[in-house]
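This report concerns only the one structure given below.
The values are calculated or read from the model by the stated rules, or taken from the named source; none is laboratory data. Note that the coordinates shown come from a computational prediction; the quantities given were computed from them, not determined experimentally. Cβ atoms come from the backbone with ideal geometry, glycine included; neighbour counts cover every protein chain shown.
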Amino acid sequence: MSTATAYAARMSFRPVTAAAPFVFIVDDDFSMREAIEQLVRAAGWCPEAFGTAEEFLRQPRPKGPSCLILDVGLPDLNGLEVQKRIASRCAEMPIIFITGRGDVGTTVQAMKAGAVEFLTKPFSAQALLEAIRGAVERSKALLDEQRTLMSLRDRYESLSPREREVMGLVVQGYLNKQVAGAVGISEITVKGHRGRMMRKMRIKSLPGLVIAGIRLGLKSEDAR
């Protein structure tokens, strides 16, 4: 990365916009931090650089796509420990680890915990840019999935208790007649509940309903 500043100067400059993904950089090496920051900005992303893990951990969680470039050997917290701390609250923020000492064990541990890349210094600016692009695309996909699942949960919450009961049984493969017997209502009433449930869930087919049930984590006991 010693030539990162020159590389950034040669790039076609892309202005940073309000909607630009955030790229967080945590490295105690000032020159490395500055070089990566310039490279990220030249690529059109929004860089935020920190010299310690604690500084980064105090940063509010971003609302849009983001990724984290994280040095393994930080002075306050090990990079793997930072990865553990943000795993639950920032799952949509992929991590790119960078290190001055390649360690197979550390690499395997980081990748198993969800890191998208592990770069050993010195690495090329192009390698880092490719890693960031991949991480940002993954972040966008994760956020889209979160929004879709949240919308699905909201629609499920709008169902009446009986409609949820019917949905759970239908997802398990029960026919209308079987649902009626399990719940203790008429088949015509089951059809009415099922029709309203499908409309509220905005689902038009049985396969779509089954997929929604799986994504919602519906279990057999949810239908009882």
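Would you check if VAL190 is without any contact (Cβ under 8 Å) to a residue 24 or more places away in the chain, surrounded by 13 or more Cβ atoms within 10 Å (Cβ to Cβ) and out of contact with any Gly (no Cβ under 9 Å at 6 or more places or on another chain)?
no
Suppose we filter MET150, MET198 for residues that are assigned to a helix (DSSP H, G or I), touching a helix residue (DSSP H, G or I) at 6+ places or on another chain (Cβ under 9 Å) and free of Cβ contacts under 8 Å to residues at least 40 places away in the same chain; which single one remains?
After ruling out the rest, the residue left standing is MET198.
When you scan segment 191-201, do you find a residue that is under 30 Å from ARG89 (Cβ atoms) and modelled with pLDDT of 95 or more, even just one?
Yes, some residue in segment 191-201 is under 30 Å from ARG89 (Cβ atoms) and modelled with pLDDT of 95 or more.
Among helices (runs of 4 or more DSSP H) lying entirely in segment 1-112, which contain 3 or more residues that are at pLDDT 85 or above?
30-42, 53-57, 79-86
Kindly evaluate GLY168 against the criterion of being surrounded by fewer than 12 Cβ atoms within 10 Å (Cβ to Cβ) and outside the structural domain of PRO62 (by TED's automatic domain parsing).
Spelling it out, it is not the case that GLY168 is surrounded by fewer than 12 Cβ atoms within 10 Å (Cβ to Cβ) and outside the structural domain of PRO62 (by TED's automatic domain parsing).
Under the condition of being surrounded by 17 or more Cβ atoms within 10 Å (Cβ to Cβ) and outside any loop (DSSP other than H, G, I, E, B), which residue from segment 202-224 is modelled with the lowest pLDDT?
ALA223
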